[in-house]
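Structure, as structure tokens:
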Amino acid sequence: MSQQSEDVRSNLGSGQPSVKTRIYSVAVPVVLGLCGVALLVGSLALGVGTTNEPGPGLWPFAIACTWTLAAATIAWESFKGTALPPVGPSQRPAVGFGLTLAFILIFSYIGLIPAVLIVTSAWMKLLSDMSWKRILIASLTITALLYILFAIIIGTAFPASVLPIP
């Protein structure tokens, strides 16, 4: 019997994913990460521009950075052996639709910062097994980065907020 089949058999009863499963769960995000890097190079070739005159590569650059960072995070979490809790295929679209609707309503009536903070926190809590501490840190970081990118760097005008932040 080969070493690989022994590894698979020894992991079956332990609740741990097999070595093959862990390799695949890292390989897929790595391939996606390489695609993100290719998009990053392509967006830089288009020209990102400046804060006053954004170039045609600005949005592809932002998407490529997010894509690559997400792929790296997924690869790292998969390599560590952590997995998302099982969410049925019929539940994911419902959760996504509900949170998108919540974002639109909160953004329209309260403002950008509360909308991003609430929806990212809810999304991470409903679709992951992260602790509240990690969720809060990640949500605050995402909210701050989006505010800095859109409100400060690009200068996008947002609807009036109930918060004392322009």
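The values are calculated or read from the model by the stated rules, or taken from the named source; none is laboratory data. A quick note: this is a predicted structure, and the numbers were derived from the prediction, not measured. Backbone-built Cβ (ideal geometry, glycine too); neighbour counts: all protein chains shown.
Here are some notes:
- Restricting segment 87-108 to residues that are assigned to a helix (DSSP H, G or I) and touching a residue at least 24 places away in the same chain (Cβ under 8 Å), the residue that is farthest from residue 150 (Cα to Cα) is 92.
- Of note, residue 114 does not satisfy the criterion of being outside the structural domain of residue 52 (by TED's automatic domain parsing), in a loop (DSSP other than H, G, I, E, B) and either modelled with pLDDT of 85 or more or out of contact with any strand residue (DSSP E or B) (no Cβ under 8 Å at 6 or more places or on another chain) (or both).
- Any hit, segment 38-54, residues being in contact with a strand residue (DSSP E or B) (Cβ under 9 Å, 6 or more places away or on another chain) and either assigned to a helix (DSSP H, G or I) or surrounded by 12 or more Cβ atoms within 10 Å (Cβ to Cβ) (or both): yes
- Segment 118-134, residues that are part of a helix (DSSP H, G or I) and closer than 19 Å to residue 92 by Cα: 118, 119, 120, 121, 122, 123, 124, 125, 126, 127
- Segment 86-97: number of residues that are surrounded by 13 or more Cβ atoms within 10 Å (Cβ to Cβ) and small (Gly, Ala, Ser): 1
- Applying the criterion of being surrounded by fewer than 17 Cβ atoms within 10 Å (Cβ to Cβ) and within 18 Å of residue 126 (Cα to Cα) to the residues of segment 100-113, the residue that is nearest to the chain's Cα centre (by Cα) is 100.
- Residue ID - modelled with the lowest pLDDT, chosen from residues in segment 122-149 that are among the aromatic types (Phe, Trp, Tyr) and buried (at least 16 other Cβ atoms within 10 Å of the Cβ): 123
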